Amino acid sequence: MIKISPSILSCDFLTLDDTMPLLKEAGVDMLHLDVMDGNFVPNMSFGVPVIESIRKHTDIPLDVHLMIDKPHRYIKDFAPVSDWLGFHYEAGSPVAETLKEIRELGCKPYLTIKPKTTAEEIFEFLPLCDMVLVMSVEPGFGGQKFMPESLPKVTALKEEIARRGLNVEIEIDGGINKETAPLAAQAGATVLVAGSYVFNGDDMCERVKYIKSL
Ligand code: DX5
Ligand code: ZN
């Protein structure tokens with residue numbers, strides 16, 4: 001069954017406390033939290049204090065997507081408030097060391113790639129990852145159009161993970177909606193992030209259930 005990690009970037013933060021029980025009831029697998037520094041990506045969002053508050057109000061596993069430069073500088077800060085903790089291959093950190101540090105601090109490490117990075121570039125790090133995240137938009141903003149070029153990358157990762165006999169989730173993030181979600185699932189994605197699709201309608205729970213049914 002496909003897992004869903006709704007991105008709260010498109011959510012009304014002041015009503016999040018009411019929204020989270022509904023998401024839990026609908027069966028979401030994790031909550032996707034987009035951390036942006038205005039440097040690695042041209043947008044800013046939130047950091048540790050906001051995630052800490054969210055953690056106090058829900059037991060849904062937190063999937064923290066760091067879109068920040070040199071993320072290894074901040075792993076010790078984010079690990080205590082994360083379940084899954086991911087950073088960008090392109091962000092200028094020592095990749096293997098950072099993945100290992102995340103695991104040592106008790107989180108599930110993941111590595112993510114921007115649209116212009118090939119899947120093959122991260123094959124060597126797969127044994128250190130519990131998940132890989134293929135961006136299907138340029139990171140920075142919710143509500144962008146899905147890039148179909150991301151799909152062969154998902155499939156290449158799926159084949160390499162199988163070839164190596166590993167157990168690594170494949171997440172996809174950006175532009176997931178009713179039409180693109182089945183394509184992502186067919187390509188081999190196991191965790192779908194969805195922001196605007198889940199939150200910008202009046203049938204949030206139905207949308208979550210639809211994605212999980214794929
Ligand atoms: C973009 C973020 C995404 C974003 C997804 O940089 O990483 O998680 O919130 O939003 P949608 O689903 O609207 O594309
Ligand atoms: Zn994200």
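Looking at the chain only, what percent of DSSP beta bridges run antiparallel? Nearest 5 please.
Counting only bridges with both partners in the chain, antiparallel ones make up about 5 percent.
Among Lys24/Lys158; Lys100/Lys178; Lys116/Lys212, which pairs are too far apart, with a Cα-Cα distance over 31 Å?
From Lys24/Lys158; Lys100/Lys178; Lys116/Lys212, over 31 Å: Lys100/Lys178.
Based on DSSP H assignment, which helices of the chain show an axial Cα extent of at least 30 Å together with a mean Kyte-Doolittle hydropathy greater than or equal to 1.6?
Qualifying helices: none.
Give the residue from Val41, Val168, Thr58 lying farthest towards the positive end of the charge dipole for segment 3-212; charges sit on Cβ (+1 for Lys and Arg, -1 for Asp and Glu) and the dipole is referred to the Cα centre.
Result: Val168, furthest along the dipole toward the positive end.
Please report the relative contact order for the chain, taking Cα pairs under 8 Å with a sequence separation of at least 6, and give it as a percent rounded to a whole number.
23 percent
Calculate, for the chain, the solvent-accessible area per residue in square angstrom, rolling a 1.4 angstrom probe over the heavy atoms of the protein chains.
Roughly 44 Å² per residue, with all protein chains present.
For segment 145-209, state which trypsin sites (Lys or Arg not before Pro) are in a DSSP loop and have at most 12 other beta carbons lying within 10 Å of their beta carbon.
Here the sparse-neighbourhood loop sites are Lys145, Arg164, Lys178.
Please list log₁₀ I(q)/I(0) at q = 0.10, 0.12, 0.14 Å⁻¹ for segment 3-212, using the Debye equation with identical point scatterers on the alpha-carbon positions.
Debye curve over Cα of segment 3-212, log10 I(q)/I(0) at q = 0.10, 0.12, 0.14 Å⁻¹: -0.37, -0.55, -0.77.
Once neighbouring chains are kept in place and the probe is 1.4 Å, which whole percent of the accessible area of the chain is contributed by carbon and sulfur?
Details: 4970 of 9500 Å².
Heavy-atom surface of the chain belonging to carbon and sulfur, 1.4 Å probe: 52 percent.
Most fluctuating residue of Ile172, Ile54, Ile113 in a GNM of the chain with Cα springs under 10 Å: which is it?
Ranking Ile172, Ile54, Ile113 by mean-square fluctuation puts Ile54 first.
The values are calculated or read from the model by the stated rules, or taken from the named source; none is laboratory data. On a predicted model such as this, the values are computed, not experimentally measured, just so you know. When we count neighbours, we look across all protein chains shown, and the Cβ atoms used for this are built from the backbone with ideal geometry, even at glycine. Keep in mind that these areas ignore ligands, DNA and RNA; they rest on the heavy atoms of the full protein, side chains included. Shrake-Rupley method; radii C 1.70, N 1.55, O 1.52, S 1.80 Å.
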